[in-house]
Amino acid sequence: MKFLLILLIVCVSNPLLASATEVELEEASINLEDNDSIANGAKLYVEYCASCHSLKHVRYSRIAEDYGLSEEWMKDNVIPEHLKPHDSMLTAMKSEDSRVWFGMPPPDLSLIARSKGSDWLYSYLLSFYVDENQPYGVNNIVSPNIAMPDVLSPLRGVQEKRKAGSGSIKSQLKVVSRGSMNSAEFERAMTDLVAFLTYASEPSRSIRESIGKYVILFLIFFTVLAYWLKKEYWRDVH
């Protein structure tokens, strides 16, 4: 009986402890209607993410079409020289190489924003800090023991974790070696990157939402019509 009581306490307390230690995520104030933000996010993705991660469900031409970006701009800033506008955004890294370097292929990011959420993704990008005990010398507050190098350190700089690690992500970290951007510029850049990845997770979102307005109006009109038709039928019955 005593053993069962202890087991019950452990089972109940573990979820409570887990919820108590959850990270307070930063809010990603993205705007999917901001063409400049999406364009800059696409550029950042190609420069810092595409060497390892793919977006296999997204074509370069779809981005240009949805956000009014010229083919010339896409070729100069987003599309690699050896690819064409209608190609998918696949990584050039070979699967066998990625297994040797990382132990497993880096995941495709087509649905990362839908599976994790924009706030999680934004917080994750802000959360790298120096940890010499990790294989790549860095760790992450949002996703501890992550097997990924801090590829954004040239922009953000190098961060260390404060000894008293609690509260918001920003309060837990401090920049000890500045990169090419200050904090505000880096956060703006990460907002653009997250906006692009959010768009990439559902490119038809804007179309769906615009059609949805007309669907709702039709349903309202149909409901009113059905109500008056029902009253007309029941008038004869009474």
Relative contact order of the chain, defined on C-alpha pairs under 8 angstrom at six or more residues apart (%): 25
About the Cα centre, and with charges only on the beta carbon of Lys, Arg (+1) and Asp, Glu (-1), how big is the dipole of the chain? Nearest 20 debye, please. 780
Cα-Cα over 21 Å, subset of LYS116/LYS161; LYS43/LYS174; LYS84/LYS116; LYS43/LYS161; LYS56/LYS116: LYS116/LYS161; LYS43/LYS174; LYS84/LYS116; LYS43/LYS161
Could you work out the helix-only [θ] at 222 nm for the chain, with each DSSP H run of four or more residues adding -39,500 (n - 2.57) and the total divided by the number of residues, to the nearest 500 deg cm²/dmol? -17000 deg cm²/dmol
Taking the Cα centre of the range 173-238 as the origin and placing charges on Cβ (Lys, Arg +1; Asp, Glu -1), which of ALA226, ALA184, ILE216 is farthest toward the positive end of the dipole? ALA226
DSSP loop trypsin sites (Lys or Arg not before Pro) with at most 15 other Cβ within 10 Å: longest gap in the chain: 1-93
With springs only between Cα atoms under 10 Å apart, run a GNM on the chain and tell me which of PHE221, PHE196, PHE186 wobbles the most. PHE221
Cα-based Rg and Dmax for the chain, in Å, come out at 24.2, 83
Computed FRET value (nearest 0.05) for LEU83 with SER171, which takes r as the C-beta separation and R₀ as 35 Å: 0.25
Mean separation of Cα pairs under 8 Å and 6+ residues apart, divided by the residue count of the range 107-238: what relative contact order is that in percent? 24
Between GLN134 and ASP34, take the C-beta separation as r, use R0 = 35 Å, and let me know the FRET efficiency to the nearest 0.05. 0.50
Lys/Arg +1, Asp/Glu -1 at C-beta; the chain dipole; positive extreme among ASN35, PRO105, LEU193: PRO105
For the range 71-149, give the percent of accessible area contributed by carbon and sulfur heavy atoms, probe 1.4 Å, rounded to a whole number. 53
Quick calc, the range 139-208, dipole around Cα centre from Cβ unit charges on Lys, Arg (+) and Asp, Glu (-), nearest 20 debye, gives 260
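The values are calculated or read from the model by the stated rules, or taken from the named source; none is laboratory data. In this text, all values refer to a predicted model and were calculated from it rather than measured experimentally. Ideal geometry is used to build each Cβ from the backbone, glycine not excepted, and the neighbour counts take in all protein chains shown. All accessible areas refer to the heavy atoms of the entire protein, side chains included, with ligands and DNA or RNA removed. Shrake-Rupley method; radii C 1.70, N 1.55, O 1.52, S 1.80 Å.
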